[in-house]
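Below is one structure, written out as structure tokens, with a few remarks after it.
We did not get these values from a lab; they are worked out from the coordinates using the rules stated. Given the structure is predicted, the values throughout are model-derived calculations rather than measurements. When we count neighbours, we look across all protein chains shown, and the Cβ atoms used for this are built from the backbone with ideal geometry, even at glycine.
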Amino acid sequence: MTSYKLVMLGDLNHYGFLFGGKMLMWVDEIAWMAVSGDYPGCHFVTVGMSEVTFHKSVHPQSVLRFETAKARVGRTSVTYHVEVFRRHIESSEETGVFTTDITFVRIGADGAKMPIGEGRS
Ligand SMILES: CC(C)(COP(=O)(O)OP(=O)(O)OC[C@H]1O[C@@H](n2cnc3c(N)ncnc32)[C@H](O)[C@@H]1OP(=O)(O)O)[C@@H](O)C(=O)NCCC(=O)NCCS
């Protein structure tokens, strides 16, 4: 799944670069949309992210491209690999800025984990 975000002034830290927490929020949100689309009717919560390293800073007027791909399906969890690339809005040159693996766990109405395959046709 490919998604895009435009980096706005309100997304920046006090040095003028993208605030890292915003990146984590967008990765969480975009990957959650991917898992929810792949498993309609199921409810998921984020349980963890693998490595969190910000390889390059991101400046305003950047467009971020998020590439999200399912990487592993477990008993109750599903992991997605996410890669993020930046480019200036007036340029076509892209640079990788962030990668992680993010894992979601399927939960039931009581908030407890449940098997991915249960109750699905
Ligand atoms: C997600 C939650 C229901 C899991 O319940 P649990 O009983 O602790 O589950 P387990 O430790 O047995 O792990 C469940 C699955 O997650 C996987 N998992 C657990 N921690 C993980 C981590 N840090 N990274 C990747 N996978 C992880 C386990 O391997 C297991 O996978 P599998 O069943 O596919 O083999 C529970 O931890 C929870 O409610 N966490 C809070 C979720 C939340 O609020 N997220 C929003 C963040 S603010």
For this session: Determine the calculated [θ] at 222 nm for the chain from helices alone, applying -39500 (n - 2.57) to every DSSP H run no shorter than 4 residues and normalising by the residue count; nearest 500 deg cm²/dmol.
Result: -5500 deg cm²/dmol
Exercise. Tilt of helix 20-38 relative to the longest C-alpha principal axis of the chain, in degrees (0 to 90, nearest 10)?
Worked result: 40
Exercise. Suppose every K and R has +1 on its Cβ and every D and E has -1 on its Cβ; what is the size of the dipole of the chain about the Cα centre, in Debye to the nearest 20?
Worked result: 200
For this session: Using label points projected 7 Å from each Cα along Cα→Cβ, tell me how many nm separate S92 and K56, to one decimal.
Result: 1.7
Exercise. So between D101 and T2, what do we pick up on full extension, going 0.36 nm a residue minus the alpha carbon distance?
Worked result: 34.1 nm
For this session: Could you pull out every one of the lysines with an alpha carbon less than 19 Å from that of K22, ignoring same-chain neighbours closer than 8 positions?
Result: K5, K56
For this session: Have a look at F17, F85, F66 and tell me which one the Gaussian network model of the chain (Cα, springs below 10 Å) gives the largest fluctuation.
Result: F17
Problem set entry | Listed residue (Y15, T79, G111) projecting farthest to the positive dipole end of the chain, Cβ model | G111
For this session: Assuming a ≥ b ≥ c are the square roots of the Cα gyration tensor eigenvalues, decide whether the stretch 2-107 counts as rounded (a/c under 1.5), prolate (otherwise, with a/b larger than b/c) or oblate.
Result: prolate
